[in-house]
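Trainee: One structure follows; several queries about it will come next.
The values are calculated or read from the model by the stated rules, or taken from the named source; none is laboratory data. Note that the coordinates shown come from a computational prediction; the quantities given were computed from them, not determined experimentally. Every residue, glycine as well, gets a Cβ built from its backbone with ideal geometry; the counts of neighbours run over all protein chains shown. Keep in mind that these areas ignore ligands, DNA and RNA; they rest on the heavy atoms of the full protein, side chains included. Shrake-Rupley method; radii C 1.70, N 1.55, O 1.52, S 1.80 Å.
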Amino acid sequence: MLPNVLSPLPRGVITGDHQKFINRFATTAQIVAQEHNLYASVMIAQAVLESSWGNSGLSQTPYYNLFGIKGLFAGKAVTMQTKEDNGKGNLFTIDGRFRQYPSYRASLDDYATIMLQPIFAKAWRSNTKSYRDATAALTGTYATDTSYAVKLNQIIETYKLTKYDRAPSVQSKPTIISHKLKQNDTLMERQTQKKYWW
């Protein structure tokens, strides 16, 4: 997986742009997490960290990869340089092949499916007492970054993401439904969605 070790994180200071990024994915992450025995707070924090608040090239159109997941998705991938941690805090650069998704929703769903693999069992809600147990379990398994849990916990605490760990209300609807065109989409957004869904 792709560790985000370059971007500075907020130290207890909430910014509007960061909150907007969280709001864009929060409800969908809440629903997906509940369906897959995961913590939405951890999922959102990982999306923040792995995508540098949505600023990484990998997380943007046309790749939509929020979590730095490597490999192929529906036969599609993109090669990009990434920094890896050797397990001792030392970084080195490699070319990695990362999954390319048709939408952000596909990225969230695929992440949740991957998290059901036994290697991540210690991060499941049913096997943990809190999100902190989950973030600790992801260090060295999901990411090579030795400070991964510390960074995730900081994001969760700063933005009070544990509120999304509660079951979503009956009225909650996913905020990301990329396969349906919304009335206020720009022409470019419509063309992008059409290109990757049909």
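Trainee: What residue, of Gln81, Gln100, Gln117, is of a type in the set (S, T, N, Q), open to solvent by 50 Å² or more (accessible area, probe 1.4 Å) and modelled with pLDDT of 95 or more?
Mentor: Criteria check complete, one pass: Gln117.
Trainee: Anything in region 46-70 that is on the phi > 0 side of the Ramachandran plot and open to solvent by less than 10 Å² (accessible area, probe 1.4 Å)? List them, or say none.
Mentor: Within region 46-70, Gly68 is the sole residue that qualifies.
Trainee: Of the residues Gly89, Gly140, which is open to solvent by 60 Å² or more (accessible area, probe 1.4 Å) and either out of contact with any Lys or Arg (no Cβ under 9 Å at 6 or more places or on another chain) or at pLDDT 90 or above (or both)? Full working, then the answer.
Mentor: Details: Gly89 fails: open to solvent by 60 Å² or more (accessible area, probe 1.4 Å).
On inspection, the qualifying residue turns out to be Gly140.
Trainee: Within region 79-86, does at least one residue satisfy the condition of being under 21 Å from Gln117 (Cα atoms) and hydrophobic (A, V, I, L, M, F, W, C)? Walk me through how you get there before you give the answer.
Mentor: Step one: list which residues in region 79-86 are under 21 Å from Gln117 (Cα atoms), which gives none.
No.
Trainee: Another one. Checking Tyr111 against (1) open to solvent by 20 Å² or more (accessible area, probe 1.4 Å); (2) under 19 Å from Leu161 (Cα atoms), which test does it fail?
Mentor: Of (1) open to solvent by 20 Å² or more (accessible area, probe 1.4 Å); (2) under 19 Å from Leu161 (Cα atoms), only one is false for Tyr111: (1).
Trainee: Restricting to region 21-45, count the residues that are open to solvent by less than 10 Å² (accessible area, probe 1.4 Å) and closer than 12 Å to Ala134 by Cβ.
Mentor: Residues flagged as open to solvent by less than 10 Å² (accessible area, probe 1.4 Å) and closer than 12 Å to Ala134 by Cβ within region 21-45 amount to 7.
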